[in-house]
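Accompanying notes for the structure given below.
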Amino acid sequence: MTEPHAHLYGVMAEFDTTEQLVEAAAKARAAGYKYVNAYTPFPVEGLPEALGFRRSNVPLITLIGGLLGGTGGFFMQYWMAAVSYPQNIGGRPMNSWPAFIPVTFELTVLGAAAFAVLGMLALNKLPQPHHPVFNAPRFALASNNRFFLCIEARDPKFDRVQASQFLERLKAHDLTEVFDE
């Protein structure tokens, strides 16, 4: 059912339990495969470690957004109160920083939240309305009760036959070659 112009994205294995999936992911990483992805209907404990995920950069992006938002909010108020439209109210200095605290805090939170959401979307390459694994015939079960592991063809160690044999040895329920059409 593949078109002549379709190219292989990877080999996908279906597993019945989370334990089988975590074990298969760990064995795939131990065998030297670098581009391995798992698809599950819910978060699975131990799976990120088995896949070799590294720490996310979202906290750093959030910190940068908060610092930029707070700094921008403070200097925006300073510019308005002391430079652009100075008014001496109650004998206070033009740049009375205690008055700037509420807006500075709010813009810190706004900047951090906006950067966190946009950073997460960018790091996860979202939105992604189509992904090659959606072409796999049984992949719809990934949102119900099945667990999938895919070794991608871009992996330097990938060989179609060897990857299929490797996944068969892991007692996969079903094996599918995934094509990017």
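Remark: I151, I61 ranked as I61, I151, counting other beta-carbon atoms within 10 Å and listing the fewest first. Sequence-distant contacts, meaning Cα pairs under 8 Å at least 6 residues apart, place the relative contact order of the range 1-135 at 26 percent.
For each of L21, L67, count neighbouring Cβ atoms within 10 Å of the residue's Cβ, then give the residues from fewest to most. Before the final figure, lay out each step's value.
On the way: L21 26, L67 14.
So the residues, fewest neighbours to most, are L67, L21.
Which whole-number percent of Cα pairs in the range 58-123 have a distance greater than 14 Å? All intermediate terms of the calculation are to be shown ahead of the outcome.
Numbers: 1278 of 2145 pairs.
Here the long-distance tail beyond 14 Å is 60 percent of all Cα pairs in the range 58-123.
Taking every alpha-carbon pair under 8 Å whose residues sit at least 6 apart, the range 58-123 reaches a relative contact order of 58 percent. The simple spin-label model puts a point 7 Å past each Cα toward its Cβ; for L60 and V103 those points are separated by 3.3 nm. Comparing V36, V109, V83 in a Gaussian network model of the chain (Cα springs below 10 Å), the most mobile by mean-square fluctuation is V83. Counting lysine pairs in the chain that sit 8 or more residues apart in sequence, or on different chains, and whose Cα atoms lie under 19 Å apart gives 4. When Rg and Dmax are taken over the Cα atoms of the chain, they come to 25.3, 82 Å.
In this Cβ point-charge picture (+1 for Lys and Arg, -1 for Asp and Glu), the range 96-181 has a dipole of about 220 debye about its Cα centre. Each Lys and Arg Cβ is given +1 and each Asp and Glu Cβ -1; about its Cα centre, the chain then shows a dipole of about 620 debye.
Values in this text are rule-based calculations from the coordinates and carry no lab data. Values in this document were obtained by computation on a predicted structure and should not be read as measured data. Neighbour counts run over all protein chains shown; Cβ positions are idealised from the backbone, glycine included.
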